[in-house]
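Data first, discussion second: the structure below is written as structure tokens.
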Amino acid sequence: MTSDAALPKPFKRLLLTGAAGGLGRELRRRLKAHCAVLRLSDVADLGAAAAGEELMPAALENAAAVHALLADVDAVVHLGGISVEGPFEPILQANIVGTYHLYEAARKHGVKRVVFASSNHVTGFYRQDEVIDATMPMRPDGHYGLSKAFGENLAQFYFDRYGIETVSLRIGSSFPEPADRRMLSTWLSYDDLERLVVASLSAPVVGHSVVYGMSDNASSWWDNTPARHIGYRPQDSSDRFRAAAMARQPVLDPSDPATLYQGGGFVAKGPYE
Ligand code: NAI
Ligand code: 15L
């Protein structure tokens, strides 16, 4: 974790949405080193504000509340939204309508850089025996992956039309450690997540760039060469967890869609009615 209170802060005010979630709680303490004021937002409880923090609870569906969030911020790290596969309507509201409100508010307030938490589920229907990169066509694996595909398209449109730059992070699996064999290929450590987000905020020119969020894992399905200009260099690896993950899941069923496809269990969820 980077922390040197004596260093000048590159950003005056950063906005972090989804700040009460798993990744939001991690980035809440890590992003402070990079800004004078960290504005935190979520629909869930954010606790008390620490020094240098500003709390602004908001539902992403609420256009006026989201508009207020973007006032006077230099850049946004947008993590807020539904983070798993499920029925369409809640995902439509939080992820699709909510992300639209965020970009509209960025446009109106002149905010020029967004880091968007997309997901590997934008390409979840590629197989685990394929290596892909972010220039290949999207193959979303459900409502959630579709909503993230929409978010990436919004990012592209707002860059082409209004010059708002975005790095869309197709995050793999960012947890304290890989929970299963699939995550040996998709794992992103919290320290590497911080490196990735800080690089995405700081790279001089990004246009709309798409980068897979993974550590330097020995096995991997994603080639990040097209996003080297971001300057993200992972320093962790899932390899030290390999033996434990194999012991937890000694046998895989090769006919199981969760084993075949990169999106794992998400690819077989639903239908919901
Ligand atoms: P999380 O579910 O723990 O956090 C998401 C946060 O968004 C929650 O605190 C929730 O209250 C908030 N939220 C949900 N709906 C909202 C709404 N309508 N208005 C305002 N806030 C709302 O998810 P996590 O793991 O922290 O992920 C953060 C982001 O990164 C999400 O966008 C997720 O899709 C994305 N991501 C995470 C991955 C991971 O491995 N943790 C992998 C790929 C993508
Ligand atoms: C995601 O997009 C989810 O937010 C996270 O909870 C994990 O399921 C992750 O993908 C994954 O694919 O492991």
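The values are calculated or read from the model by the stated rules, or taken from the named source; none is laboratory data. These numbers come from a predicted model, not from an experiment. Positions of Cβ are backbone-derived with ideal geometry, glycine not excepted, and every protein chain shown enters the neighbour counts. Heads up: the accessible areas ignore ligands, DNA and RNA and are worked out on the full protein's heavy atoms, side chains in. Shrake-Rupley method; radii C 1.70, N 1.55, O 1.52, S 1.80 Å.
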Quiz item: Roughly how many whole Å is it from the C-alpha centroid of region 170-238 to that of region 30-96?
Solution: 22 Å
Quiz prompt | Lysine pairs in the chain with Cα atoms under 17 Å, if 8 or more residues apart or on separate chains | solution = 4
Quiz item: Listed highest first by mean packing, meaning other Cβ atoms within 10 Å per residue, what order do 242-251, 140-149, 67-76, 50-59 come in?
Solution: 140-149, 67-76, 50-59, 242-251
Quiz prompt | Extended-chain gain in nm, criterion 0.36 nm per residue less alpha-carbon gap, Ala268 and Ala36 | solution = 79.1 nm
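Only Lys, Arg, Asp and Glu count, each charged at its Cβ (+1, +1, -1, -1), so figure out the dipole size of region 1-151 about its Cα centre, rounded to 20 debye.
On the way: 16 positive and 16 negative charges, 116 e Å.
Here the size comes out at about 560 debye.
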Quiz item: What is the list of residues in region 230-250 whose amide nitrogen lies under 20 Å from a point 7 angstrom out from the Cα of Ser202, following Cα to Cβ?
Solution: 230-237
Quiz item: Over the Cα atoms of the chain, how large are the radius of gyration and the largest Cα-Cα distance (Dmax), in Å?
Solution: 18.0, 56
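At a Förster distance of 51 Å, what's the computed FRET efficiency of Asp129 paired with Gln93, Cβ-Cβ distance as r, to 0.05? Mind dumping the intermediate values first?
Details: r = 36 Å, r/R0 = 0.71.
The pair Asp129/Gln93 has a calculated efficiency of 0.90.
Provide the FRET efficiency to the nearest 0.05 for the Ala64-Tyr162 pair, computing r from the beta carbons and using R0 = 22 Å. Each step should come with its number before you reach the end.
Details: r = 20 Å, r/R0 = 0.93.
Taking R0 as 22 Å, the efficiency between Ala64 and Tyr162 is 0.60.
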Practice problem: Please get the size of the charge dipole for region 99-148, origin at its Cα centre, with Cβ charges of +1 on Lys and Arg and -1 on Asp and Glu, quoted in debye to the nearest 20. | Solution: 400 debye
Practice problem: Mind ranking Thr135, Thr225, Thr166 by accessible surface for me, highest first, 1.4 Å probe? | Solution: Thr135, Thr225, Thr166
Exercise. Using label points projected 7 Å from each Cα along Cα→Cβ, tell me how many nm separate Arg228 and Arg107, to one decimal.
Key: 3.5 nm
Self-check item: Listed residues Val205, Ala268, Ser220: farthest to the positive end of the dipole of region 167-273 (Cβ charges)
Solution: Val205
Practice problem: List every residue whose amide H lies under 5 Å from the amide H of Glu165, counting only residues 5 or more places away in sequence or on a different chain, with H placed 1.01 Å from N in the peptide plane. | Solution: Arg113, Val114
Self-check item: Given charges at Cβ of Lys, Arg, Asp, Glu: the chain dipole, positive-most of Gly231, Ala58, Leu193
Solution: Gly231
Exercise. Quickly work out the Asp45-to-Asp216 label distance, labels modelled 7 Å from Cα along the C-beta direction, and quote it in nm with one decimal.
Key: 4.1 nm
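Give, rounded to the nearest 20 debye, the magnitude of the charge dipole that the chain has about its Cα centre when Lys and Arg contribute +1 at Cβ and Asp and Glu contribute -1 at Cβ.
Values: 27 positive and 31 negative charges, 133 e Å.
Magnitude of the dipole: close to 640 debye.
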Exercise. Pull up all non-local amide H partners of Ile171: gap of 5 or more, or a different chain, and H-to-H distance under 5 Å with H placed in the peptide plane.
Key: Ser118, Ser119, Asn120, Gly213
Quiz prompt | Amide hydrogen neighbours beyond the local backbone of Trp222, cut-off 5 Å, H modeled | solution = Ile132
Practice problem: Tell me what the chain gives for mean residue ellipticity at 222 nm when only DSSP H runs of n ≥ 4 count, each as -39,500 (n - 2.57), the sum divided by the residue total, rounded to 500 deg cm²/dmol. | Solution: -8500 deg cm²/dmol
Quiz item: Lys/Arg Cβ at +1, Asp/Glu Cβ at -1, dipole of the chain taken about the Cα centre: which of Gly124, Leu16, His143 is farthest positive-ward?
Solution: Leu16
